[in-house]
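Trainee: Quick one: structure below, then a few questions.
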Amino acid sequence: MSDLSAFPITQRWPAQHPDRIQLYSLPTPNGVKVSIMLEEVGLAYEPHLIDITKNETWGPEFLSLNPNGKIPAILDPNGPGGRPLALFESGAILIYLAEKTGQLLSADPATRYQTIQWLMFQMGAIGPMFGQLGFFHRFAGKDYEDKRPRDRYVVESRRLLGVLETRLEGREWLVGDYSIADVATLGWVRNLIGFYEAGEIVGFKDFPRVAAWLERGLARPAVQRGLEIPARH
């Protein structure tokens, strides 16, 4: 039996199955990256819902695992060398899980680095820009009289969709076979046109390859399951 008692987060969210990967998350575009990945690779895990509306990520228990106070984070009782490993940042977690299982990240060096390249594109561009557009279009920022901030993120989000559209010419997935680059990006594009209700304002109909890629990804059973994990109360 694995002993995770040295990790304060387990005092707030006890592990019922300490031999499994512990996932601390919420089904947001960043959170579902890891739940989808875990479903895709078939690793046993135990999800814990972290309620960001109650500022649970800013409590000392969560901060002990991720000092940046963001979901998702994991605790793997069987990390490198058989020792527990705590890990935050969704992109880093995806790479770790891919390497742990030998899945969704090619062993070919060139393909591997191209995949990581597109993962970083999501982390550094797609996520931050789509998220800002969501704030100014759907959330509190929509009430600002000055629409220049919103319009800035509309233009940039549309540009980024154009990058994806060009990349997907003649391809089903972003890099070779379905990979962590697709896992990372699917939830964000889905959120942009769904929860953020920004499909019309960014002209999503102008990106048919992206739409077809999104449809292929969302049809995957592991993606469908991962999008609902952890289950909301």
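The values are calculated or read from the model by the stated rules, or taken from the named source; none is laboratory data. Every value quoted in this text rests on a predicted model; they were computed, and no experiment measured them. Cβ: placed from backbone, ideal geometry, glycine included. Neighbour counts: every protein chain shown. SASA here: full protein model, heavy atoms, side chains in, ligands and nucleic acids out. Shrake-Rupley method; radii C 1.70, N 1.55, O 1.52, S 1.80 Å.
Trainee: As a test of understanding, state the convex hull volume per residue of region 37-152 from its alpha carbons, in Å³.
Mentor: 138
Trainee: Could you tell me the relative contact order of the chain? Use alpha-carbon pairs under 8 Å, at least six residues apart, and round to a whole percent.
Mentor: 25
Trainee: Taking the DSSP beta bridges in the chain as the whole, what percent of them are antiparallel, to the nearest 5?
Mentor: Here the antiparallel bridges make up roughly 60 percent for the chain.
Trainee: Given the Cα-Cα distance of Q11 and K54 and 0.36 nm per residue of separation, how much length would full extension add, in nm? Don't skip to the end; give the middle numbers.
Mentor: Values: separation 43, 0.36 × 43 = 15.48 nm, distance 1.77 nm.
Net length gain for the segment: 13.7 nm.
Trainee: Compute the Cα gyration tensor for region 126-213, then decide on rounded, prolate or oblate, letting a ≥ b ≥ c be the square roots of its eigenvalues: rounded whenever a/c is under 1.5, prolate when a/b is larger than b/c in the other cases, and oblate in all that remain.
Mentor: Judged from the Cα gyration tensor, region 126-213 comes out prolate (a/c at least 1.5, a/b above b/c).
Trainee: Would you mind calculating the gained length between R152 and A231 on full extension (0.36 nm times residue separation, minus the Cα-Cα distance), in nm to one decimal?
Mentor: Net length gain for the segment: 25.0 nm.
Trainee: Of L49, L161, which has the most accessible area with a 1.4 Å probe, and how do the rest follow in descending order?
Mentor: Output order, biggest surface exposure first: L49, L161.
Trainee: If we count every other residue with Cβ under 11 angstrom of L87's Cβ, Lys/Arg +1 and Asp/Glu -1, where does the sum land?
Mentor: Its environment carries a net charge of -1.
Trainee: Any chance you could run the full-extension gain for R159 through R171? It's 0.36 nm times the residue separation minus the Cα-Cα distance, nm to one decimal.
Mentor: 2.4 nm
Trainee: Continuing with the same structure: In whole Å, what are the extents of the chain along the principal axes defined by its C-alpha atoms, from largest to smallest?
Mentor: Principal axes ranked by extent give 53, 45, 26 Å for the Cα atoms.
Trainee: At a threshold of 8 angstrom on Cα-Cα distance, excluding pairs fewer than six apart, so keeping six or more, what relative contact order does region 116-168 reach in percent?
Mentor: Relative contact order for region 116-168 comes out at 35 percent.
Trainee: With the other protein chains left in place, how much accessible area per residue, in square angstrom, belongs to region 10-130 at a 1.4 angstrom probe?
Mentor: Accessible area per residue, region 10-130: 43 Å².
Trainee: Further question: Over all pairs of distinct alpha carbons, what does the Kirkwood formula give as the hydrodynamic radius of region 26-75, in Å?
Mentor: When all Cα pairs of region 26-75 are included, the Kirkwood radius is 11.5 Å.
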